[in-house]
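The values are calculated or read from the model by the stated rules, or taken from the named source; none is laboratory data. Keep in mind that what you see is a predicted model, and the values were worked out from it rather than measured. Every residue, glycine among them, receives a Cβ derived from its backbone with ideal geometry; neighbour counts consider all protein chains shown. Just the protein is used for accessible areas: all its heavy atoms, side chains included, with ligands, DNA and RNA removed. Shrake-Rupley method; radii C 1.70, N 1.55, O 1.52, S 1.80 Å.
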Amino acid sequence: MTGSAASNPHLTLAVGQPPLAVIVDVDQGVRAAISEFMIARGYRVEVAEDARAATALLLRTGVDVLISDLSMRDPGGVDLFAFARASAPMTRSIAIASNASVEDRETALRNGALRVLSKPVSPRELTEALKVANACDEGFHGFLHGLSLVDLLQMYHLSAKSLVIEVHGEVEGSIALSEGEFVHAQAGSKVGMAALLMLLKARGGSLETSVLGQAQRTIRGSFEHVLLDSLRSLDEGRRAPVPVPVPVLDLALDEEDDAGFDVARIASWLNENAPQLSAYRVDGKAVVTEIIAEPTPAAGAPRAIALAQSLAEASDASFHSVELLAGSTMVALLRVSGLTVALARAAGDDSEVRRFRAAYAQFTRWLTAEAGARQ
């Protein structure tokens, strides 16, 4: 609670006392029921009828847990959560509401609430919410915007976390990780890999985390293999399995030897104009012979090299430009005046694929101009 005192000169802390919970609701019966529940679990309790009274408590003393009705008005419950986050950032907030809309729920989470519970509040749900509040006694908590589910899974894998990621939105479900490894997934009536695929297909929504309890194991295998297999399965569901040559630019190209190209100059151009791309030289036997640029290992060897070689083997000998998206790796094969270059990058969504195509089209134009200048 030291952080709260430092940010608010009005706080007075009672060292050595049990944690303090503030219960805020216009309904005296709700306040009494939750107060009794909290006292039985070792909390000191203060109650308030409205947000103004709760604000005074937050200013006067160190509050560990704030449980407040989301539907209060003038000032509202969301306003109270925002105030608690700003004035007492170590206070953990839990929202309760009779009929919380999706917008109210997301606004409460954005303003610091760890959970939004429906009235009447069940003891089990409140117990789970308090577990999350206790887990957030140290570290950051709040609303995350702009991260994909894959981003979050990789982050928790790298930090070896044990938790449950709850997914809300067009697809509802959860994914359990133990020490950063997949344990279980559930979505509707599906479990295991089928559920994980459903959740990874979701285009958006909101994500929450909760404490990992006892979870059945429905997913086996290392995190990397499970995630890669899942992304590959999703990709195969959207695309034909056999790579098809795709003309990008109508270029007049010849088959002369590529000895005149300055590979160092090519690497310099890529580093300056397309730093997200990895580049490899490919010979006539579909073998990668040289790394030209590899600034992003995540999209680089060995996977990108293997894909580039497979693409070169499968392509017609007269190709000018072909591309392949496999899992989250995008590869394009370009041939300009006898030089064959494979370009690669991680491309997890449509916008990244479009940026990749624009970058390699620009590179092809530049390389063609270089070929013309050396003739």
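Once the piece of chain linking residue 148 and residue 222 is laid out straight, how much longer is it, given 0.36 nm per residue of separation minus the C-alpha distance between them?
24.6 nm is the gain from fully extending residue 148 to residue 222.
As an exercise, identify the GluC sites (Glu not before Pro) in the range 25-59 lying in DSSP coil whose Cβ has no more than 15 other Cβ atoms within 10 Å.
49
If you count, for each residue, the other Cβ atoms within 10 Å and average over each peptide, how do 105-111, 361-367 line up from highest to lowest?
Output ranking for 105-111, 361-367: 105-111, 361-367.
Could you pull the Cα extents of the range 79-132 along its three principal axes, largest to smallest, in whole Å?
29, 25, 13
Going by accessible area, probe 1.4 Å, with all protein chains left in place, what is the ranking of 218, 91, 289, largest first?
If we order 218, 91, 289 from most to least accessible, we get 289, 218, 91.
Hey, rough spin-label estimate for residue 39 and residue 135, points 7 angstrom out along Cα→Cβ, what's it come to in nanometres?
3.0
For a distance above 18 Å, tell me the whole-number percent of Cα pairs in the range 55-201 that qualify.
Across the range 55-201, Cα pairs with separations above 18 Å total 62 percent.
Order these peptides, 113-123, 149-159, 333-343, by their mean beta-carbon neighbour count within 10 angstrom, highest first.
Packing proxy ranking, top to bottom: 333-343, 113-123, 149-159.
Need the full-extension length gain, residue 352 to residue 234, defined as separation in residues times 0.36 nm minus the C-alpha distance. One decimal, nm.
40.8 nm
Quick one: what are the phi-derived ³J(HN,Hα) couplings along the range 49-63, Karplus 6.51/-1.76/1.60 with θ = phi - 60°, whole Hz, x for glycine and proline?
Those phi angles translate into 7, 8, 5, 5, 5, 5, 4, 4, 5, 5, 6, 8, 8, x, 9 Hz.
What does the charge count around residue 26 come to, taking other residues whose C-beta lies under 10 Å from its C-beta (Lys +1, Arg +1, Asp -1, Glu -1)?
-3
Multiply the residue separation of residue 166 and residue 290 by 0.36 nm, subtract the distance between their alpha-carbon atoms, and state the gained length in nm to one decimal.
Extra length from residue 166 to residue 290 when fully extended: 40.2 nm.
With N denoting the number of residues in the range 12-130, provide Rg(C-alpha) divided by 2.2 N^0.38 Å, to two decimal places.
The range 12-130 yields a ratio of 0.95.
For residue 72, list long-range residues whose amide hydrogen, built 1.01 Å from N in the peptide plane, is under 5 Å from its own amide hydrogen.
77
If r is the Cβ-Cβ distance from residue 159 to residue 26 and R0 is 41 Å, what FRET efficiency results, to the nearest 0.05?
Calculated value: 0.50.
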